[in-house]
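This report concerns only the one structure given below.
Read the figures in this text as sums done on the coordinates, not as results from a lab. On a predicted model such as this, the values are computed, not experimentally measured, just so you know. Virtual Cβ from ideal backbone geometry, glycine too; neighbours counted across all protein chains shown.
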Amino acid sequence: MRLFVKGPNPINDSIVIWKERCREQRAACIYGKRDIMGNISGNKLYVVMYHYTRDLAHSRYPGIKGLDLPLFREQIGFLSQRFHIVTMEEAILAANGQYKLPENALLLTFDDGYIDHFTYAMPILEEEGVQGSFFIPAKTFAEHCLLDVNKLHYILAGAVPQKLLADVFERMDYYRGKEFDFPGNKELWEQYGTKVGRFDSGEVLFVKYMLQTVLPEALRKRISSDLFEKYVGVPEEQLAYELYMTEEQIRTMKRHGMYIGIHGYDHYWLGNLPEEQMRADIDKALAVMDGFIDSKSWVMNYPYGNYNDQVIEYIKNRGCCLGFTTEVRVAVLDRDSRYRLPRLDCNDFPPKSENYMRIQAEEIKEDQ
Ligand SMILES: [Zn+2]
């Protein structure tokens, strides 16, 4: 089986060594290692999700929520010891029924096209001899525009949540009924303010809803830019150039055996868009990512884990073979829809937590 991209490349030798290590790991896993919970079937797949992976203490924005580099390094060491890290190509074959995943199979996924992935993640993955799958919103390198999702991350890194909430309410009051029409603050708070995120407080989650999907798009952009200027204070374009990988870096990743997948063009909540706009976003992403993917068999990672039946129908027709969500479970390829595969967060694994054990145990209980 061909796991990695072929073609003229100066690192063929290291890929051969890498493939050999993968084979050894697989053999050790099948014949030697015990299943962690004692009863994991062959086609179970742990999918781990990463976002920022950087040296936070030495970064310009240490408040950004990410996995700190020493912890990332430790985690990859832990995962490659305790699990069998598989490639996306193997996951696709397993979903097609052409390959049986080893016990404790685990896939590493990285969202949003951050330069962190090139600078910090890829070298560590390569040293460990494992593959990562990188899902890149095409706009990041095609236009060097700061995505709304990142604008908000940087605002959150610099603001106190209660103060930020007050700022957002104030601006919503200011614009309501002038150029934009949307429900009152109290009504929206009742609908979105009572939700609790896995890693976010109620205030933070509310601000995310308002500025990522609920308010009209033009207003979201205006408020985000205003708050970005207030709390971050650097030109957006400059930060975009610092934050995302370039096209050449993405090509280098692919040459090093990493897998590249689709994460939309504009990083929209695809399931909340009018169908025409949803299709246009996917078409645009596929056109820009053409050189990085196999147009007849590519992998989707829904921004914000958001999708609906129309999204699935459309990507299926456009050649998508797997889709990853943010539902928190262990995937079972024999049972789950291939377009609705769940993932765990890197915070669910050591050294951050032992949540993966609890999640696995709960699922076993439910199955019984
Ligand atoms: Zn994303």
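Points worth noting:
- Among Tyr174, Tyr356, Tyr50: highest mean-square fluctuation, GNM of the chain, C-alpha pairs under 10 Å: Tyr174
- Rough spin-label spacing in nm, given labels placed 7 Å along Cα→Cβ, for Val328 and Glu103: 2.7 nm
- When the alpha-carbon atoms of segment 118-184 are used, the pair Rg, Dmax equals 19.0, 57 angstrom.
- For Thr194, Thr213, Thr140, Thr119, order by how many other beta-carbon atoms lie within 10 Å, fewest first: Thr194, Thr119, Thr213, Thr140
- Phi to ³J(HN,Hα) by Karplus 6.51 cos²θ - 1.76 cosθ + 1.60 over segment 138-145, Hz, x for Gly, Pro: 4, 4, 4, 9, 6, 10, 6, 9
- Just checking the listed ones, Trp189, Trp298, Trp269: in the Gaussian network model of the chain with Cα springs under 10 Å, the one fluctuating most is Trp189.
- A Gaussian network model of the chain, with springs between Cα atoms under 10 Å, assigns the largest mean-square fluctuation among Ser224, Ser353, Ser80 to Ser353.
- In loop segments of segment 323-368 as defined by DSSP, the GluC sites (Glu not before Pro) with at most 13 further C-beta atoms inside 10 Å of their C-beta are Glu327, Glu354.
- Relative intensity of segment 222-301 on a log10 scale, I(q)/I(0) at q = 0.12, 0.15, 0.20, 0.24 Å⁻¹, equals -0.49, -0.73, -1.02, -1.13, per a Debye sum over C-alpha point scatterers of equal strength in the absence of solvent.
- Lysine-lysine proximity count for segment 235-368, Cα under 18 Å, sequence distance 8 or more or distinct chains: 4
- Antiparallel content of DSSP bridges confined to the chain, in %, to 5: 10 percent
- In the chain, the convex hull through the Cα atoms has an average projected area of 18.6 nm², a quarter of its surface area.
- Across segment 148-239, C-alpha contacts under 8 Å between residues 6 or more apart give a mean separation that, scaled by the residue count, equals a relative contact order of 41 percent.
- The amide H of Cys320, built 1.01 Å from its N in the peptide plane, has Trp298 as neighbours under 5 Å, considering only residues 5 or more places off or on other chains.
- Alpha carbon centroid spacing (whole Å) that separates segment 45-76 from segment 292-368: 21 Å
- Other-chain or far-sequence residues with amide H under 5 Å of Ile85's (modelled H): Leu106
- Span per principal axis, largest first, for the Cα atoms of segment 148-239 (Å): 37, 34, 20
- Estimated D of segment 231-368 in µm² per second, where Rh is the Kirkwood radius over Cα pairs and Stokes-Einstein applies at 37 °C, 0.692 mPa s: 192 µm²/s
- In this structure the amide hydrogen of Val332, modeled in the peptide plane, comes within under 5 Å of the amide hydrogens of Leu45, none closer than 5 places in sequence on its chain.
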